[in-house]
Amino acid sequence: MFTFKPDYEQVKARMEAFWEGEIIDRPLAQFTVPKPVEEWVPEPISGHATPGDRWQDAAFQAELALARCNNTEFMADALPVAWPNLGPEIFSSFYGCPIHFGDYGTSWTDPVLLDWDEADQIRFDPQSPYLAKLDEMTDALIAVGQGKFIVGMTDWHPGGDWLAALRDPQNLAMDLITHPDDVKRMLAMAERDYMAIYDVYYAKLRAAGNPITSWTPLISDGKYYIPSNDFSCMVSNRMYREFFLPGIERECQFLHRSIYHLDGPGALRHLDDILAIPELGAVQWVCGAGNEGFHRWVEVYRRILAAGKGAQVSIDYSELDDVIAALPAKGVYLSISGVPSREAGLDIIKKLEHWAAGKIFPSVQPTASA
């Protein structure tokens with residue numbers, strides 16, 4: 001179905017088993033290695049005057065995605081995915097926040113809701129130039145990638161992160177105390193808008209023959225996304241439950257498949273609330289810069305698995321044996337970096353099959369303690 005992933009149907013079946021809490025032959029594992037140099041195609045050369053020009057050149061970005069997929073071997077369950085990327089605050093831009101584009105894969109916005117007296121002026125703008133650009137980029141990727149790679153959704157980041165961009169995070173932290181009703185009203189408005197625009201892009205991608213995916217490259221033929229709230233590291237359990245958890249619950253109910261993006265040690269206080277969402281399928285724990293090391297977070301992964309959720313475990317190649325020794329194979333989704341060669345990748349696959357069959361390391365049961 002996709003020429004850059006000849007075994008796509010097998011991967012799709014393995015992912016569906018993961019979503020159902022089952023395992024076919026081994027746990028999910030995604031990693032890539034470069035193809036031999038003699039098979040490479042040159043990447044398009046950027047002659048853009050500014051970073052913003054490069055970010056927003058739909059034809060350039062589509063050709064870049066095609067070249068990078070061509071030059072990569074997608075091993076195990078890794079998938080050739082390209083998605084239109086204008087940065088994590090694109091949803092805020094539809095309400096008037098201007099985007100600034102940086103040189104090194106980063107973009108950011110300026111807040112526009114400077115006073116709550118102006119809140120009635122903040123509305124979704126169907127004529128937003130960034131929305132038009134998102135359409136153009138999605139269409140360009142679909143045209144270039146047809147039958148070759150999977151086109152995914154952009155990084156929506158609705159909910160609390162959307163409002164933090166509109167208000168500035170420090171202001172929003174105070175608003176939870178001084179303007180609680182305004183906060184809830186704005187979040188309710190954005191939730192309706194997000195689900196409506198999600199449906200538009202869901203229909204577009206499915207009509208083009210794509211499964212649904214995004215920046216976390218799991219897939220589903222149904223509605224899939226990555227609920228999140230990075231702002232949650234700034235709030236207590238009580239405030240998270242009052243202001244943000246209900247929206248996360250409704251988002252999980254809206255979606256067919258979901259993996260929650262839990263970002264940083266400050267957000268760990270909310271893990272039990274997140275795990276209690278019946279419709280949530282999995283959790284993506286991101287420890288944050290300076291907190292790396294699988295061994296430091298074993299109990300977090302065990303809590304997630306004990307709750308019956310899947311766990312994305314992001315590790316370096318050198319940590320694989322530690323994971324196998326510490327966790328059960330069922331429910332684990334491995335994202336492995338630093339795989340040195342194709343031969344090493346084939347060895348990983350064999351080792352994962354033996355792990356699932358119970359042929360290496362003792363079986364370890366997840367525990368709810370942490």
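Here are the numbers for the structure shown:
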| read-out | value |
| --- | --- |
| Stretch gain in nm, segment Lys350-Asp321, where the contour uses 0.36 nm per residue and the Cα spacing is subtracted | 9.2 nm |
| At most 11 other Cβ within 10 Å, DSSP loop - chymotrypsin sites (Phe, Trp or Tyr not before Pro), segment 11-62 | none |
| Value of D in µm² per second that Stokes-Einstein yields for segment 69-145, Kirkwood Rh from Cα pairs, at 25 °C (0.890 mPa s) | 165 |
| Filtered trypsin sites (Lys or Arg not before Pro), segment 9-100: DSSP coil and at most 15 other beta carbons within 10 Å | none |
| Two-site FRET efficiency, Ser128 against Ala357, from Cβ-Cβ distance with R₀ of 41 Å, rounded to 0.05 | 0.20 |
| Taking all pairs of distinct alpha-carbon atoms in the chain, Kirkwood radius in angstrom | 21.7 |
| Fully extended contour minus Cα-Cα distance, from Val41 to Arg238, at 0.36 nm per residue | 65.6 nm |
| Added length on full extension, which subtracts the Cα-Cα distance from 0.36 nm per residue, Arg342 to Trp215 | 43.3 nm |
| Segment 1-79: GluC sites (Glu not before Pro) falling in loop per DSSP and having at most 12 other Cβ within 10 Å | Glu20, Glu22 |
| Inter-label distance, nm, simple model (7 Å from Cα along the C-beta direction), Lys330/Arg206 | 3.1 |
| Contact order relative to length of segment 239-336, as percent, for alpha carbon pairs under 8 angstrom and 6 or more apart | 24 |
| Förster radius 35 Å - calculated FRET efficiency between Ala67 and Glu299 (Cβ-Cβ, nearest 0.05) | 0.25 |
| Relative contact order (%) - criterion: Cα under 8 Å, at least six apart; region: the chain | 19 |
| Charge dipole of segment 140-250 about the Cα centre (unit charges at C-beta), most positive-ward option of Leu141, Trp215, Leu187 | Leu141 |
| Measure of compaction for segment 32-100 (Cα Rg per 2.2 N^0.38 Å) | 1.37 |
| Å² per residue, accessible surface of segment 198-332 at 1.4 Å | 35 |
| Spatially near lysine pairs across the chain, Cα under 13 Å, sequence gap of 8 or more or different chains | 5 |
| Cα-projected label distance for Met189 with Met174, points at 7 Å along beta-carbon direction, nm | 2.1 |
| Listed residue (Ile99, Ala164, Pro111) projecting farthest to the positive dipole end of the chain, Cβ model | Ala164 |
| Protein accessible area in segment 268-326, 1.4 Å probe - carbon and sulfur % | 47 |
| Portion, in percent, of the accessible area of segment 154-230 that falls on carbon or sulfur, probe 1.4 Å | 56 |
| Estimated FRET transfer efficiency when R0 is 22 angstrom, pair Glu16-Gln253 (beta carbons, to 0.05) | 0.65 |
| Distant alpha-carbon pairs in segment 1-70 (separation over 20 angstrom), percent | 53 |
| Net charge dipole size for segment 254-316 [Lys, Arg +1 and Asp, Glu -1 on Cβ; Debye, nearest 20] | 120 |
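The values are calculated or read from the model by the stated rules, or taken from the named source; none is laboratory data. Every value quoted in this text rests on a predicted model; they were computed, and no experiment measured them. Neighbour counts run over all protein chains shown; Cβ positions are idealised from the backbone, glycine included. All accessible areas refer to the heavy atoms of the entire protein, side chains included, with ligands and DNA or RNA removed. Shrake-Rupley method; radii C 1.70, N 1.55, O 1.52, S 1.80 Å.
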